[in-house]
């Protein structure tokens, strides 16, 4: 089973840059997108955003047009699609969609960023506090989960090029790193990339400022977090940087069927 996750930073922009042409060649079972920045009807009504042989499902932001939004493309038709977690100020921003296939749940998640200022950073902290028990519930559910997406948090010095200079910046704050590391180290979620490549330094996001991408001044903030039941099924993973579809790079994980 091959799952790809990508923050598209606008699905229409990514499509124009060849993202779907690349995807068509990947033999993937599931594609999780974040930041589609489009209304559901715009995507459903335009054949450019459907892929032959794939079922698609979308969730957009009710709070603001052209903002956030998530999607899942899958070869197998999902048994169910979920888009609400019961918190309106989160649900209205179009940040979560879950596709269920038998005992497997695949989630496309766009976690809030606090980079725009203190108000959003405080919102991010509140969402962290609220979301952790939901992740615990998923762990305790008996289902296999793969939570794909842009988490907007690095885990360690290995996951960011400029470690020291970003200690006071959102996404690298001690409270954020402690939170996501507790999910992995204490609660049992498996960081697929780090499980497969414990010593590898690679990034999934680069600022559009300066020449960050050319100089590989990046952050690893896009993850596939899997339940412990899937640890032994991890086979391989890769971050594709050969083409630029977004300010993020596609992250692919292969799981043994």
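The numbers here are math on the coordinates, done by the rules we state, and not lab data. Keep in mind the model is a prediction, meaning the values are calculated, not measured. Backbone-built Cβ (ideal geometry, glycine too); neighbour counts: all protein chains shown.
With the Kirkwood sum run over all distinct C-alpha pairs, the stretch 2-255 has a hydrodynamic radius of 18.2 Å. Using C-alpha pairs under 8 Å with a sequence gap of at least 6, the mean separation divided by the residue count of the chain gives a relative contact order of 20 percent. The separation of the stretch 226-254 from the stretch 62-88, counted between C-alpha centres, amounts to 20 Å.
In the chain, the DSSP beta bridges split such that about 75 percent are antiparallel, to the nearest 5.
Assuming R0 = 41 Å, can you tell me the calculated FRET efficiency for the pair residue 182 and residue 50, based on Cβ-Cβ distance, to the nearest 0.05?
0.55
Using alpha carbons only, the radius of gyration of the stretch 104-256 set against its Kirkwood radius gives Rg/Rh = 0.95.
Taking Cα pairs under 8 Å and at least six residues apart, what relative contact order does the stretch 84-153 come out at, in percent? Write down the numbers at each step before the final one.
On the way: 76 pairs, mean separation 24.8, N = 70.
Relative contact order, the stretch 84-153: 35 percent.
The residue 24 and residue 88 beta-carbon pair, evaluated with R₀ = 25 Å, returns a calculated FRET efficiency of approximately 0.10.
Please say if the stretch 1-153 is rounded, prolate or oblate, where rounded means a/c under 1.5 for a ≥ b ≥ c the square roots of the C-alpha gyration tensor eigenvalues, and otherwise the choice is prolate for a/b larger than b/c and oblate otherwise? Verdict is oblate for the stretch 1-153.
Classification of the stretch 175-221 by its C-alpha gyration tensor yields an oblate form. The axis ratio a/c (a ≥ b ≥ c) is 1.5 or more, and b/c is at least a/b.
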